[in-house]
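Worksheet: one structure, shown below.
Read-outs throughout are calculated quantities, based only on the coordinates presented, and are distinct from any laboratory measurement. The structure presented is a predicted model; accordingly, all values stated were derived computationally and were not measured. Ideal geometry is used to build each Cβ from the backbone, glycine not excepted, and the neighbour counts take in all protein chains shown.
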Amino acid sequence: MTKSLHISVLTSLVLLFFVVSDYHDGNLARIMVLAIYAVGYNLLFGYTGLLSLGHALFFAAGMYGLALPIQHLGVSPIEAFAMGLASAATVSLVIGFLALRTTGAAFMIVTLMFAQAGFLALLYFGQWTRGDEGFVIQQADRIIAGIDFSQSTERYFAAFVLFAVAYLLIAWLISTPFGKCLIAIRENEERAQMLGYDVHRHKLLAMLVSGTLSGASGAAYAFLFGYAGATFASVQYSILPLLWVLLGGAGTTIGPLIGTAFAFYLIDISSHFTTAHLLVVGLAIVLLTLFAPQGLAGEIRNRLISWLP
C-alpha cells in the first residue's frame with residue numbers, strides 16, 4: 001500500500017505537467033524544488049523531534065556552493081552541484097556537532113544564531129555574493145550535455161527527478177532500523193538511550209542527511225531558476241520549511257509536498273486580492289492548529305487512512 005502511494009504521487013506529478021498551464025508548470029517546478037527542502041527538514045523535525053531554526057544556512061550553503069563556483073570559477077554545472085552538496089554536508093556536520101551539545105529550546109536558539117551568522121557573512125562578503133541583491137546565473141551556465149535547464153520542460157522534469165530521489169530516499173530511510181531509531185528518539189529519547197542506541201550519533205546523522213537534502217534544494221533552486229541571493233539565508237527561510245511541514249503533517253512522507261504546495265498557492269491566490277497575504281497565511285495556520293493540529297496529511301492518517309506513512 002505504501003509503495004503504491006509513493007508511485008501514485010510521483011505519477012500524478014508527471015501527469016500534471018501535461019494537464020495544467022505553463023504558469024502552473026512553473027509553479028509546480030518551484031514547489032517540487034522547495035519540497036525537497038521541506039523533506040529534509042521533516043527528517044529532523046518530524047521524525048527525530050529536533051526543532052531547528054537554522055536550516056536556511058544549509059539551503060544557502062547548497063545554493064552558494066553551486067552558484068559561486070559557476071559565477072567566479074567557471075566550474076561545470078555537474079561539478080558545481082556536487083560542490084553544493086559537499087558544502088551543505090560539511091556545514092550541517094559541523095553545525096550538528098556543535099549544536100547537538102544542547103537540547104530543547106537551547107538547540108533551537110543555537111541553530112538560529114549559526115544561521116544568522118551565515119546570513120551576515122554573505123552580506124559581509126558582498127563583493128563575491130552580491131548580498132541581498134544577489135546575482136543571476138546565465139543561461140549558458142545552465143546547460144548540461146546540450147540540455148538547457150532554463151527551459152520550462154527540462155526544468156520541470158529536472159525538479160521532478162530531484163524531488164523523486166529525495167522523496168523515495170526518506171520513504172526508504174524511515175523504514176530502516178536507523179529510521180525507526182530516529183522515531184524512537186522523537187518519542188522518548190531517554191528510553192532509546194537506555195535500550196543501548198547511540199542517540200547522539202543518530203541525531204548527528206539525521207542532521208547530516210537533513211542538511212544535505214536542504215542544500216540539494218538550494219543548489220537546485222539556484223541552477224534551475226538561475227538566481228542566488230542572501231535573502232535565502234535569512235530567518236524567513238528557516239521558518240518556511242517549519243511552516244510547510246506543520247501545514248502538511250510532520251512525520252509523514254507526503255506532508256512536506258502537501259504543505260509546500262498549500263502554502264505556495266495560498267500566498268499566490270491571496271496576493272491577487274490583498275497585499276496582506278501573510279495575514280491570510282497566518283489565519284490558515286491558526287485554523288489548522290485548532291482543527292487539524294497534526295497537519296493535513298496527519299489528519300487524513302488519523303481519520304481516514306491509518307496506514308498513511
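Summary table below
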quantity: Sum of side-chain charges, ALA192 neighbourhood, beta-carbon under 14 Å (Lys, Arg +1; Asp, Glu -1); calculated: +1
quantity: Cβ-based charge dipole, the range 22-235, positive-most Cα from VAL199, MET83, ALA115; calculated: VAL199
quantity: Label corresponding to Cα Rg over 2.2 N^0.38 Å when calculated from the structure given, among (i) 0.97; (ii) 1.62; (iii) 0.92; calculated: (i)
quantity: Distance in nm between pseudo-label sites at LEU304 and LEU279 (7 Å out along the Cβ direction from Cα); calculated: 3.2
quantity: Given charges at beta-carbon only (K, R positive; D, E negative), |dipole| of the chain in Debye; calculated: 660
quantity: Proxy reagent accessibility, fewest Cβ within 10 Å first, across ILE239, ILE70; calculated: ILE239, ILE70
quantity: Packing-based exposure ordering (other Cβ within 10 Å, fewest first) of MET83, MET207; calculated: MET83, MET207
quantity: Structure-based [θ]222 nm, the chain - -39500 (n - 2.57) summed over DSSP H runs of at least 4, per residue, nearest 500; calculated: -23500 deg cm²/dmol
quantity: Residue among GLY218, GLY104, GLY229 with the largest mean-square fluctuation in a Gaussian network model of the chain, springs linking Cα atoms under 10 Å; calculated: GLY104
quantity: Convex hull per residue volume in Å³, alpha carbons only, for the range 176-249; calculated: 121
quantity: Where labels lie 7 Å past Cα in the beta-carbon direction, separation of SER4 and THR289 in nm; calculated: 3.8
quantity: Label-to-label distance, nm, for residues given as LEU73 and ILE267 (7 Å Cα→Cβ offset); calculated: 3.1
quantity: Sorted by Cβ neighbour density within 10 Å, fewest at the top, the residues ILE147, ILE137, ILE183; calculated: ILE147, ILE183, ILE137
quantity: Modelled FRET efficiency - R0 35 Å, GLN193 with LEU123, Cβ distances, 0.05 increments; calculated: 0.30
